[in-house]
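A short reminder: the numbers here are calculations on the coordinates, not readings from a lab. Keep in mind the model is a prediction, meaning the values are calculated, not measured. Quick reminder, even Gly has a Cβ in these numbers, built from the backbone with ideal geometry, and neighbours come from all protein chains shown.
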Amino acid sequence: MSQTDDDMDAVAVRTWCSLALEALGREREAIDAINVYPVADGDTGTNLYLTVESATQAVEAVFAAHETGTTAPVAADAVRAMAHGALIGARGNSGTILAQLLRGMAGVLAVGHDADHLRRALAVAADAARRAVAHPVEGTVLTVATAAAGSAARTGHDASAAAVARAAYEGALTALEATPGQLAVLGRAGVVDAGGRGLVTVLGALVEAVSGRAPERTHVAVPAALYVPDDCAADEAEGGPAFEVIYLLEAGDEAVDRLRTRLDRLGDSLVVVGGDGLWNVHVHVDDAGAAVEAGVEAGRPYRIRITHFGADRVHPHIEPAQRAVVVVVPGDGLRGLCKEAGATTVLARPGEPPASGELVDAIRRAHAREVVLLPNDAELRHTAAAAAEQARAEGVRVALIPTRAAVQGIAALAVHEPDRSFDEDVVAMTAAAGATRYAELAVAERQSWTMAGICQAGDILGLIDGDVAVIGEDVPQTARDVLDRMLAAGGELVTLILGEDVPDTLADALEEHVREGYLAVDTVVYRGGHQCAPLLIGVE
């Protein structure tokens, strides 16, 4: 850890995100347990974790982009990535507010990152979060954020960044202790505000990031078994809106102002955060369709998530299926193919790998007692493992098969038989995936060293099992060279997955190449869609 006491540089931002994610991972269940406001749905800790996870991934992407260069990321790049990642990955009421807090801080820390800028960043963040909430309520995360900023503001001008962060943490902790006396529902349940506790955890990570020393972990006592009074539960079940609606929105400022007014009439817990044309919208409503329609009129909503607060109570007759398969796919074409095979899919967008929360959501959507998870990407192994662990904690039996490519996932899905025992099915699917070698064609973006030599920008790269094995000038010849290398070790079935812009004539030519050169080897062809690489190849 290279942080100093007077600087909030890019490394400190990266460390802060990492420590906050780790701390929220430890605190997630405890925070979920005290979540009684605005809805007693027990997911505030999880939502905060997923929001910070998205912010952390964005910051890590900035550092990864500089690994091959001669310069390190600057603080402005890191804090902007942190804010953008939190914005696009924000979950729930508290997660959306945290995203706005981080965005407010980023606007100041992008200009300067010393103690004075950190002090001002905390003040701007608290004000921005309060303005993002349609009807601010005291005794919530907003109160804790305001107290943190106020405590930081009272530090002397000669104070270090570490001293400012520590003052903010201590001010937030003191405010958190007072929340049961400010919000009746907290007082009745005997708990502090869940979102506020999450913010204290994030600020504690900030202290450690800039000073190298974690604050003493002092938390307000939480009852071992939380009891939510009947009147609180009744308020949520009967008096509150039925749905939580969240979506990202591309729209201008004026359109968003009109959207706020309309959504405020439709429901409550309205939080709209963001700016510069990209917003995260969160609202609780009875008419989810009207909330989405309002977004369509304002701009372009996407990543729409609608949650029914009482889904399990409203539909008690829906019995979970015995087994399901959840698969990550790199294109719309493969998504349709896997859906036809009965799988629940998660779309991996270019440059935006799914977070563990998206995988957990997919496991929940599958509504099964047993789930086989196919990540189809070596880079997703830790994310998939975290999702599997969370789903297991919710009572779902999950088997994670570490597929590293879409063709391995297709091979596993092809032998899936839900009628046999879970263990036998997992063994068969794992064996099919492991027996499938995989390759991909990609276009080189710059000159670089590879396992096959030096490539130039625009060269066609043939990657076999993740390593560059062939460097070519055109797609057809490179594809043939890759197939020859793979089939030299034997094989019975070749799977070709074509990207959106690849003509069918390429598939025809490759099928003919296999048929003429390799007896008894069959070929199947699928369309991957526009997110897919130009060509994916599997050999079984």
Expected output is a single nm value to one decimal: the length gained when fully extending between S448 and D127, i.e. 0.36 nm times separation in residues minus the C-alpha distance. What is it? 110.9 nm
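Does the range 340-406 come out rounded, prolate or oblate, given a ≥ b ≥ c as the square roots of the eigenvalues of its C-alpha gyration tensor, rounded meaning a/c under 1.5 and, failing that, prolate meaning a/b above b/c?
Note, shape of the range 340-406 comes out prolate.
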What percentages make up the Cα-Cα pair-distance distribution of the chain when the bins are 10 Å wide from 0? 4, 17, 24, 24, 18, 10, 3, 0, 0
Calculated FRET efficiency for the pair A255/A184, C-beta based, R₀ 35 Å, to 0.05: 0.45
What distance in nm lies between label points placed 7 Å from Cα along the C-beta direction at Q456 and A414? 3.8 nm
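What is the chain's relative contact order, in percent, from Cα pairs under 8 angstrom and six or more apart in sequence? List each step's numbers first, then the result.
Values: 1101 pairs, mean separation 53.3, N = 540.
Dividing the mean separation by the residue count of the chain yields 10 percent.
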Hey, got the dipole for the chain? About the Cα centre, +1 on K and R Cβ, -1 on D and E Cβ, debye to the nearest 20? 1040 debye
Using helices alone, I'd like the mean residue ellipticity at 222 nm for the chain: each DSSP H run of four-plus residues gives -39500 (n - 2.57), total over residue count, nearest 500. -16000 deg cm²/dmol
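Cβ neighbours within 10 Å, averaged per peptide: list 28-36, 336-344 in order, most packed at the top. Can you show the working numbers first?
Numbers: 28-36: 21.4, 336-344: 16.9.
Peptide ranking by packing, descending: 28-36, 336-344.
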If you count the DSSP beta bridges with both ends in the chain, what percent of them are antiparallel, to the nearest 5? 70 percent
When a/c reaches 1.5 or more, the comparison of a/b and b/c decides; with that in mind, is the range 321-434 rounded, prolate or oblate per its Cα gyration tensor? rounded
Give the residue from A78, L266, A162 lying farthest towards the positive end of the charge dipole for the chain; charges sit on Cβ (+1 for Lys and Arg, -1 for Asp and Glu) and the dipole is referred to the Cα centre. A162
Please label the shape of the range 10-227 as rounded, prolate or oblate, based on the square roots a ≥ b ≥ c of the eigenvalues of the alpha-carbon gyration tensor (a/c under 1.5 means rounded; beyond that, a/b larger than b/c means prolate, else oblate). prolate
